[in-house]
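Reading through the structure tokens given below for one structure.
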Amino acid sequence: MGFDFNASLEEHRTALAGVERLYPVLSEVSQLMCQRLKGGHTIYGCGNGGSASDIQHFAAELTGRFEIERKGYPAVALTTDTCALTSIGNDYGFEAIFERQLAALSHEGDLLLAISTSGNSMNVIRAVEYAQANGIKTIGLLGKGGGQLKGLVDYAITLEVERTARIQEMHILILHMLCESIEA
């Protein structure tokens, strides 16, 4: 009777096992991030709900520090400016909240990290489409097979997991691994 903690932990272990197959794309993404940061470019990020929190966490780790003392790296979470989000959402629609900010702030050579557990968030898709059309490399941190974003991004880090909680647990692990690799 009651909640089955063992079943939940087993789901987590299964999701974790799927992260190992992502090492090749994680290595490519890490190298790209390091190259672009060394070149003076910025990493932008977007996502909704828990993914918004994850991109904010990642940007904070880069601009502040993850584990070692170093200079801050330019990273911007497009999820944090409530005035921009609400005015753009009001004037242009919720689908434009990340695209419009990216158009105002980014430059060719920057990176966009798009996080989506479903891969089908229209506001994230529109930001990726803008980036693709304007010389900004795109990385998708995705779940549930990747959805529409899998075919749109330059680099798809896709978990073949269906449950949102397990996807989000793996996303934060992957983001921490990327922070470690960047600092290394």
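Quick one: which residue in 20, 28 is modelled with pLDDT of 95 or more, more than 12 Å from the chain's Cα centre (by Cα) and either closer than 30 Å to residue 126 by Cβ or among the charged types (D, E, K, R) (or both)?
Only one candidate passes the filter, namely 28.
Residues checked against (1) in a helix (DSSP H, G or I); (2) touching a Leu at 6+ places or on another chain (Cβ under 7 Å); (3) at negative phi:
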{"site": "96", "(1), (2), (3)": "yes, no, yes"}
{"site": "100", "(1), (2), (3)": "yes, no, yes"}
{"site": "103", "(1), (2), (3)": "yes, no, yes"}
{"site": "119", "(1), (2), (3)": "no, yes, no"}
{"site": "135", "(1), (2), (3)": "no, no, no"}
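On the given criteria, is residue 85 in contact (Cβ under 8 Å) with a residue 60 or more places away in the chain and assigned to a helix (DSSP H, G or I)?
Details: in contact (Cβ under 8 Å) with a residue 60 or more places away in the chain: no; assigned to a helix (DSSP H, G or I): yes.
So residue 85 does not fit the description; no.
The conditions are (1) surrounded by 21 or more Cβ atoms within 10 Å (Cβ to Cβ); (2) over 23 Å from residue 63 (Cβ atoms), and residue 145 fails exactly one of them. Which is it?
For residue 145, the failing item is (1).
Just one of 150, 144 is of a type in the set (D, E, K, R), farther than 16 Å from residue 75 by Cβ and within 14 Å of the chain's Cα centre (by Cα); which is it?
After applying the criteria, what remains is 150.
May I ask you to list pairs of residues, at least six apart or on different chains, whose Cβ atoms are under 9 Å apart, with the first in the range 127-142 being aromatic (Phe, Trp, Tyr) and the second being part of a helix (DSSP H, G or I)?
These pairs meet every condition: 130/98; 130/99; 130/100; 130/102; 130/103.
The values are calculated or read from the model by the stated rules, or taken from the named source; none is laboratory data. Keep in mind that this is a model prediction, so the values were computed, not measured. Every residue, glycine as well, gets a Cβ built from its backbone with ideal geometry; the counts of neighbours run over all protein chains shown.
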